[in-house]
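Have a look at the structure below before the remarks.
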Amino acid sequence: MNDSLNTAKKTAANETNFDLLVVFTQPPLTASFPKEALDLALVSSTFEQRTGLVFLGAGVLQLHTMQQPDLLNLKGTQAMLKALALYDIDQVFVEQQALLDYNLTAAELLLPVQICNSEQLQQHLATSRNLLTF
């Protein structure tokens, strides 16, 4: 009985561990970092690495539905973000404080997300094998 309990605990713990956790901190349309970060996440997932995304601070604006990159003759990342599920990237975390700071709700975001407080985010960051911040 102890063996099955230990296996269940290990399985639950592994579900929160990531091979790669990509952290977005930059607002949209200001540099190539967001696209490069998404490219990296998609490639990682293609090689069967458990990949998750975290949006902190101004990075949460990457997910805002009202972006209009075409007005600036730029290519946005919305299509790439919407394709995440095709690459089995379904763990998208958003900093709760960032939503409050930018007066956003989950309904205004491109994707379904998990809203996390700072302790929850720290747990994800601490348990990931690799962490890249853009």
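All of the numbers you see were taken from the coordinates with simple rules; none came from a lab. Every value quoted in this text rests on a predicted model; they were computed, and no experiment measured them. No Cβ is skipped: glycine too gets one built from the backbone with ideal geometry, and neighbour counts run over all protein chains shown.
Here are the numbers:
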read-out	value
Per-peptide average of other Cβ atoms within 10 Å, ordering 86-93, 23-30 highest first	23-30, 86-93
Projected label distance in nm at A79 and K35, using a 7 Å step from Cα toward the beta-carbon	1.1 nm
